[in-house]
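The values are calculated or read from the model by the stated rules, or taken from the named source; none is laboratory data. Because the structure is predicted, anything quoted here is derived from the model rather than measured. Neighbour counts run over all protein chains shown; Cβ positions are idealised from the backbone, glycine included. Accessible surface is based on the protein model in full, side chains and every heavy atom, while ligands, DNA and RNA are left aside. Shrake-Rupley method; radii C 1.70, N 1.55, O 1.52, S 1.80 Å.
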Amino acid sequence: MKLFLNECGIVCALGDSHQEIKRRLYAGESGIAPTDAWSPGRELPLGRVLGALPDAAGLPLGQRSRNNRLALAALAQIRPAVDAAVARYGANRVGIVIGTSTSGIAETEAALRVHFAGAALPADFHYAQQEMGSPASMLAHELRTTGPAYAHSSACASGAKAMASAARLIRMGLCDAVVTGGVDTLCGFTVAGFSALESVSAARCNPLSANRAGINIGEGAALFLMTREPAAVALCGWGEASDGHHMSAPDPAGSGARLAIAEALGRAGIDAAQIDYINLHGTATIQNDAMESRVVHELFGPAVPVSSTKGFTGHALGAAAALEAALIWLAMQTDNPDGLLPPQLWDGVPDPALPVLNVAAPGARLGRPLNWALSNSFAFGGSNATLILGRTQ
């Protein structure tokens, strides 16, 4: 059974429309910019969404957060198709599965700053704003659906795991359509946390480079309408594995990564040689890039084009996998007959300790449509997920 990604809504540091995001992506124009908004006194390059977001005043107080406003911005791009799916299948047959890791933590931070200054908690704050399930319950409220609605929070793999769960809901016959993807918001908690781990770069991230020095955190939302109704792009395979090697470091041998990739290929019914392009997890940390490049080189060889797109969007944590799937979805549409690929921004100085990979530069193209793409997401705690998207038209 093929599960089609009928529609895609995306908002990130590159913009809030398909046209703007594609223009900047293929031109090699990063959305990352320095700011001290989440690290007072210390400017850091972050992938910040700058566009206007929908008003949340009409939501219940416990659902009013910037995170949910980002989700609403992505939903607005696909709302007619989602409403049509609800009307066609019934509210109880439409599910919602979302990946997130921050939810409304930014609202809690703001409220506690007021409280610690000696005032009462603000009237517009409610503890439910930071609940991980908030984006899913908000979308169910907004769309008036009554099917399964829940969130995955497994760090950087959250969005990929949400999409895999959405596929399972349809395959099991519990849903006919699912709104799925990921959303995450910049906040002081994550910026300080990754800084404490010495994982944050003071410059734009530099995947695979000998000079790489860590991640740039980002924010954004990507939502798909998934159904059995044919469309240009399908989620053909997914794989999940948990190696449990370390709380924050990947297994150097990449055992869990290999399992996730193998499972995704098996479920898609293809072999490694058929993959046209790989979107790397590519965080630009020393250990992740070392592990992933070795696994990719051993399984796919040095010729397949690869890139990490985090130099454009930042690492959007719980939304990262969904954002990267959305960039692939855009590249698979019929308006890209030459197979222009999502490129990588870096200094072009490969780490000699890593195996050679075919890194896609701005302007790289297949010369034919992009038919098969694989996207990796390797999270804290050894939570690994791989998606395979296929072009069907």
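Taken over segment 209-318, the percentage of Cα pairs per 5 Å bin, counting from 0 up to the bin with the maximum distance, is 2, 10, 17, 21, 22, 17, 8, 3, 1, 0.
Of interest is the spacing of the C-alpha centroids, which for segment 163-240 and segment 242-266 amounts to 17 Å. The lysines within cross-link reach of residue 22, meaning a Cα-to-Cα straight distance under 19 Å and a gap of 8 or more places when in the same chain, are 310. Under 19 Å of direct C-alpha separation, and excluding same-chain neighbours fewer than eight residues apart, residue 2 reaches these aspartates and glutamates: 176, 229, 240, 263, 271. Entry note, the chain: the mean residue ellipticity at 222 nm calculated from DSSP H runs of n ≥ 4, each adding -39500 (n - 2.57), is -10000 deg cm²/dmol after division by the residues and rounding to the nearest 500.
Label separation (residue 356 vs residue 210): 1.5 nm, computed from points 7 Å beyond Cα along the C-beta direction.
Accessible surface computed residue by residue for segment 1-62, with neighbouring protein chains in place and a 1.4 Å probe, gives 46 Å² per residue. Summary of the geometry: segment 19-66 and segment 267-312, compared by the centres of their Cα atoms, lie 27 Å apart. Accessible surface computed residue by residue for segment 246-385, with neighbouring protein chains in place and a 1.4 Å probe, gives 33 Å² per residue.
I'd like the carbon and sulfur percentage of the solvent accessible area for the chain, probe radius 1.4 Å, heavy atoms only, ligands and nucleic acids excluded. The nonpolar share, carbon plus sulfur, comes to 55 percent.
The trypsin sites (Lys or Arg not before Pro) of segment 110-168 meeting both criteria, a DSSP state outside H, G, I, E and B (loop) and at most 12 other C-beta atoms within 10 angstrom of the site's C-beta, are 144. Residues whose amide H falls under 5 Å from that of residue 152, counting only those 5 or more places apart or on a different chain, are 98, 99, 100, with hydrogens built in the peptide plane.
Considering only the other residues whose Cβ falls under 12 Å of the Cβ of residue 155, what net charge follows from Lys and Arg at +1 and Asp and Glu at -1?
In short, 0.
In order along segment 333-338, the Karplus-derived 3J(HN,Hα) couplings, from 6.51 cos²θ - 1.76 cosθ + 1.60 at θ = phi - 60°, round to 6, 5, 7, 10, x, 8 Hz, and Gly and Pro are given as x.
Phi angles across segment 29-37 convert, under the Karplus curve 6.51 cos²θ - 1.76 cosθ + 1.60 with θ = phi - 60°, into 3J(HN,Hα) values of 9, 5, x, 7, 8, x, 7, 10, 4 Hz, Gly and Pro given as x. Phi angles of segment 379-384 translate, via the Karplus equation with coefficients 6.51, -1.76, 1.60 and θ = phi - 60°, into HN-Hα couplings of 9, 3, x, x, 8, 10 Hz per residue; Gly and Pro are given as x.
Scan segment 1-36 for GluC sites (Glu not before Pro) in coil per DSSP, keeping those whose Cβ has at most 15 other Cβ atoms within 10 Å, and list them by number.
Numbers: sites: 7, 20, 29; in loops: 29.
Hits after loop and neighbour filter: 29.
Restricting the calculation to alpha carbons of segment 224-288 gives Rg and Dmax of 14.5, 42 angstrom. Between the amide H of residue 308 and those of 280, distances stay under 5 Å, these residues lying 5 or more places away or on another chain, with hydrogens modeled in the peptide plane.
One quarter of the surface of the convex hull around the alpha-carbon atoms of segment 1-128 equals 11.1 nm², the direction-averaged projected area. Other residues within the sphere of radius under 13 Å centred on the Cβ of residue 350, judged by their own Cβ, net out at -2 (K and R +1, D and E -1).
Amide H to amide H distances under 5 Å link residue 177 with 95, where only residues 5 or more positions off or on other chains count and H is placed in the peptide plane. Qualifying trypsin sites (Lys or Arg not before Pro) in segment 41-75, where qualification requires a DSSP coil assignment and no more than 15 other C-beta atoms within 10 Å, comprise 42.
For the chain, averaging the sequence separation of C-alpha pairs within contact (under 8 Å, six or more residues apart) and dividing by the residue count gives a relative contact order of 23 percent.
Membrane-span-like helices in the chain (whole DSSP H runs, Cα extent of at least 27 Å along the helix axis, mean Kyte-Doolittle hydropathy of at least -0.5): 66-89.
From the C-alpha coordinates alone, can you work out the Kirkwood hydrodynamic radius of segment 55-158, in Å?
Numbers: mean 1/r = 0.0688 Å⁻¹.
It works out to 14.5 Å.
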